Amino acid sequence: MSPELGRFALSLACVFALAQTILPLIGAQRRDRRLMTLAPGLALGQLVALAASFLCLVNAAITNDFSVSNILENSAVAKPLLYKITGVWGNHEGSILLWAMILGICGAAVAAFGRNLPSALKARVLAVLGGVAAGFELFCLTTSDPFDRVWPAPLDGQGMNPLLQDPGLAFHPPILYTGYVGFAVPFAFAIAALIEGRVDAAWGRWVRPWAVAAWAFLTCGIALGSWWSYYVLGWGGYWFWDPVENASLIPWLSGTALMHSAVVVEKREALKIWTVLLAIGTFSFSLSGTFLVRSGILNSVHAFAQDPARGIFILGLLGLVIGGSLVLFAWRAPALTAGGLFAPVSREGALVLNNILLCSLCAVVLTGTMYPPFMSLLFGKTISVGKPFFDAATIPLAIPLFAFMGFGPMLPWKRAQLWPVLRRLWVAALITLVAFGINLWGLSGVLPVLCATFAVWVIASSATDIASRIALFRVPLSQSLQRARSLPRSAFGAALAHAGVGVTVLGLAAMSQAQHRIVEVHVGQTERLAGYDWTLTGVKTEPGPNYTAMVATIEIRHNGHIVTVMHPSKRSFNSQNQTTTEVSIHTNGLSDLYGVIGDRHGPAANPTYVLRLHYNPLAPWMWFGALIMAMGGALSLSDRRMRVGAPRRAPLPDAVAAE
C-alpha cells in the first residue's frame with residue numbers, strides 16, 4: 001500500500017465528493033429520481049476511497065516509511081507501535097485526513113440509515129455533506145498533503161512530540177473530531193431545509209438523533225482532553241481556559257442548545273428558524289475552531305501546526321461554508337412557516353430560556369477567546385484573557401441555568417402551572433437545602449457554594465422527574481416498575497444527562513478547594529499536606545522504549561498508616577531532546593492524591609528534588625459526570641422511537657414545489 005496509492009485514493013474520494021455535491025442537487029431541483037438515487041452510492045464510494053487512503057498512511061507509519069514527510073517528522077524506529085498508529089492523526093496533515101474520513105463516515109451513515117427520508121431531502125443533505133467533504137479533501141491535496149515524499153529517505157525519523165505519546169491523547173482526537181464533524185449532519189439538514197423552504201416536526205425528528213450523537217461524542221472528546229491535561233501536563237489542573245479548549249467548548253454549548261431546540265420543533269413545530277440558525281452556527285463554530293488552531297492565530301500546547309498559508313485556505317472554506325449558509329438563511333428563512341404558540345410558563349418556555357442562557361455562555365466564551373487576537377491584529381496590543389475573567393463571566397450565567405434545569409423537564413407542553421410542578425419537587429428542594437448547609441460549612445467562597453448547591457438540585461430534581469413519571473411510592477412497586485418499563489428510554493437518557501451535569505459541577509466546585517505545595521526535598525524527607533504525610537523514599541533511573549526516566553518513590557501516610565506508594569517520573573526523550581512529566585495519582589473516588597517530580601538540584605552525593613504535591617477533592621467526579629452525560633445521550637439514541645417513526649410529511653404546496 002504505497003503512498004502514491006493513498007494519494008490516488010484521496011483524489012478519487014475528492015472526485016466522488018464533487019459528484020455527490022453536484023448531481024443530487026440537480027436531481028432534487030429537477031425531480032429526477034435517477035440523479036437523486038446516485039447520492040447514497042457516491043457517499044459510500046467516497047468513504048471507501050477515504051478509508052483506503054487512510055490505511056495507506058497507517059501502513060507507511062507502521063513500516064517506518066520515512067520517505068513520507070509526514071512519517072519522517074512525526075515518527076521514529078524506536079517509537080512504540082501503538083503511537084506509530086495513533087501518531088498518524090497526531091499531526092496537522094493526518095488530522096485533516098482523519099477529519100475528512102469521519103465526514104465520509106457521516107455521509108455514508110446518512111445514506112445507510114436515512115432510508116425513510118424523502119428522496120429530495122436526502123439528496124440535498126448528502127449533497128451538502130459532499131460539498132464540505134470536497135473542501136477538506138482539496139485542502140489535503142493542495143496545502144496539507146499527508147503523502148508528500150522526501151528524497152533521499154533518512155534511516156530514522158525525527159520522532160513524535162513526547163506529550164502526544166500517551167493513550168489519552170492518542171484517542172482524544174478521533175472522538176473529538178467525531179463530535180465536531182457529527183454536527184455537519186444537522187448543518188446539512190438545515191441547508192437542505194432552507195433550499196426546500198420547509199421545516200416541520202418530521203425534520204425535527206430526523207435532526208435530533210444526529211445532534212445527540214455528535215453532542216455525546218464531543219462531550220467524551222472534551223472530557224478526555226481535560227483528563228489528559230490533568231494527568232500528563234503535571235500542572236494539577238483540568239481546564240485552563242486555553243484557547244483551543246475554548247474552541248471545543250463553544251460548539252458544545254451551541255450544540256447543547258441545538259439538541260433542546262430540536263425537541264421544540266419536533267413536539268410543537270415552534271422555534272423553526274432559531275433551530276436552523278443553531279444548526280448552522282454549531283457547525284460553523286466547529287470549522288472556526290479548526291481554522292483558529294491551524295492558522296497560528298491561537299497558540300496552544302494542543303496545536304498541531306501554525307501555517308498561515310494553510311489558514312488562508314481554511315479561511316476561504318469558512319467564507320464559502322459559513323458565509324454561503326448565512327446568505328441562504330437570510331434569503332430563505334422568511335419562507336419558513338411560523339410554528340405553534342405557547343405560554344411563557346411551559347416546557348417550550350423553559351427550553352427557550354435554556355437556549356438563551358446557553359447561547360449567552362457561548363457568546364462570553366467566544367468573546368474572551370477572540371478578544372486578544374483581535375486586539376493584537378487591530379491595535380498591536382498583546383493582552384491575555386484568563387481564568388479570572390471566564391470564571392467571573394460564566395458562573396453567574398451558569399447558576400440560573402442549573403436552577404431552571406430542575407423544573408423545566410417537568411413542565412407540560414404549551415401551557416403550565418408552576419405551583420404543581422414545584423410541589424412535586426419538595427423532596428428535591430429539601431435535599432438541596434441540606435446540601436446548602438453542608439456546603440456553607442465545607443466550602444469557602446460564594447460561587448463554589450452556589451454551584452455545589454445547584455448541582456445537588458439538578459441531580460435531585462432529575463431523580464424526582466423519573467420518580468414522578470413512574471409514580472414511585474404513590475402506587476405499588478410492581479406498578480411503578482411496569483411504568484418504568486413502558487417509559488421511553490429517551491426520558492431516562494435526558495434525566496441521566498442532566499444528573500451528569502450536576503456530578504461534573506460538584507467536582508468543579510470541590511476542586512476550587514484543592515490544596516497544593518511545591519517543595520524541594522532530600523530523599524527521606526517528609527512534607528505534610530491536607531492531613532497526609534508525603535515522604536520521598538527514593539529516586540532511580542529506568543530505561544524506556546525511546547526515553548530515559550527518573551522515577552521517584554513517594555510514600556503517603558495518614559495518621560501513621562500507609563495509604564499508597566506513588567511513582568511519578570520525569571522522562572527524557574533523546575531524539576527530540578525534550579522532557580515530559582509522568583504524574584502519579586492515587587484516587588479513592590472522592591479525592592485524588594497527586595504527585596509530580598521536577599528538577600534535581602545540588603551535588604550528586606546528596607541532591608534535592610522538586611516535588612509538586614496536590615490534594616484534589618472530588619476530582620474524579622468531573623470526568624465521571626461527563627461520562628454520565630454521554631451515557632445519557634447514548635441511552636436516548638437507543639430509544640427506537642427517537643430514531644424512527646417520524647411523522648409523515650404533508651405534501652408541499654404547489655407554489656413551493658414548483659420552485
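The values are calculated or read from the model by the stated rules, or taken from the named source; none is laboratory data. No experiment lies behind these values; they were computed from the predicted model shown. As a convention, Cβ positions derive from the backbone with ideal geometry for all residues, glycine included, and neighbour counts pool all protein chains shown.
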(request) Determine whether the stretch 398-410 contains at least one residue that is part of a helix (DSSP H, G or I) and closer than 11 Å to Gly368 by Cβ. (result) no
(message) Among the residues that make up the stretch 35-50, is at least one of them in contact with an Asp or Glu (Cβ under 8 Å, 6 or more places away or on another chain) and either farther than 30 Å from Ala192 by Cβ or β-branched (Val, Ile, Thr) (or both)?
(response) no
(request) Identify all residues within the stretch 606-627 that are surrounded by 21 or more Cβ atoms within 10 Å (Cβ to Cβ), assigned to a helix (DSSP H, G or I) and hydrophobic (A, V, I, L, M, F, W, C); write none if there are none. (result) Ala619, Trp621, Met622, Ala626
(request) Please enumerate the residues belonging to the stretch 342-392 that are among the small types (Gly, Ala, Ser), closer than 27 Å to Ala509 by Cα and free of Cβ contacts under 8 Å to residues at least 24 places away in the same chain. (result) Ala363, Ser384, Ala392
(message) Tell me which helices (runs of 4 or more DSSP H) are completely within the stretch 442-533 and hold 2 or more residues being of a type in the set (Ser, Thr, Tyr) and under 24 Å from the mean Cα position of the chain (by Cα), or say none if there are none.
(response) 489-511
(message) Go through the stretch 20-42 and report how many residues are under 14 Å from Ala133 (Cα atoms) and free of Cβ contacts under 8 Å to residues at least 40 places away in the same chain.
(response) 0
(message) I need the full set of residues from the stretch 199-208 which are buried (at least 21 other Cβ atoms within 10 Å of the Cβ) and either more than 21 Å from Gly493 (Cβ to Cβ) or not charged (D, E, K, R) (or both), in order please.
(response) Val199, Ala202, Trp203, Gly204, Trp206, Val207
(request) Pairs only if they're at least six apart or on different chains, beta carbon under 6 angstrom, first in the stretch 393-407 and touching a residue at least 60 places away in the same chain (Cβ under 8 Å), second part of a helix (DSSP H, G or I); list them, first residue then second. (result) Phe402/Phe454; Phe402/Val458; Met405/Val458; Met405/His498
(message) I'd like the full set of residues that are surrounded by 13 or more Cβ atoms within 10 Å (Cβ to Cβ), more than 27 Å from Pro617 (Cβ to Cβ) and β-branched (Val, Ile, Thr), limited to the stretch 531-550.
(response) Val539, Thr548
(request) Return the only residue of Thr394, Thr369 being among the polar types (S, T, N, Q), modelled with pLDDT under 90, closer than 24 Å to His260 by Cβ and part of a helix (DSSP H, G or I). (result) Thr369
(request) Tell me, please, whether a residue that is assigned to a loop (DSSP other than H, G, I, E, B), among the small types (Gly, Ala, Ser) and without any contact (Cβ under 8 Å) to a residue 40 or more places away in the chain can be found in the stretch 562-585. (result) no
(request) Taking Pro388 as the residue in question, decide whether it is under 27 Å from the mean Cα position of the chain (by Cα) and surrounded by 13 or more Cβ atoms within 10 Å (Cβ to Cβ). (result) no
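Residues are listed down the side, and each one gets a yes or a no for (1) touching a Cys at 6+ places or on another chain (Cβ under 7 Å); (2) within 16 Å of Ala403 (Cα to Cα); (3) of a type in the set (Gly, Ala, Ser):
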site	(1), (2), (3)
Trp426	no, yes, no
Ala463	no, yes, yes
Leu472	no, no, no
Pro476	no, no, no
Val505	yes, yes, no
Gln515	no, no, no
Val523	no, no, no
(message) Six or more apart or on different chains, Cβ atoms under 6 Å: show the pairs whose first residue is in the stretch 1-17 and closer than 28 Å to Leu35 by Cα and whose second is surrounded by fewer than 22 Cβ atoms within 10 Å (Cβ to Cβ).
(response) Ala9/Ala52; Phe16/Gly45
(request) Specify the residue that is surrounded by the most Cβ atoms within 10 Å (Cβ to Cβ); the eligible residues are those in the stretch 430-456 that are more than 14 Å from Leu508 (Cα to Cα) and of a type in the set (Gly, Ala, Ser). (result) Ala435
(message) Suppose the filter is of a type outside the set (Phe, Trp, Tyr), within 26 Å of the chain's Cα centre (by Cα) and crowded, with 18+ Cβ neighbours inside 10 Å; does Pro396 pass it?
(response) no
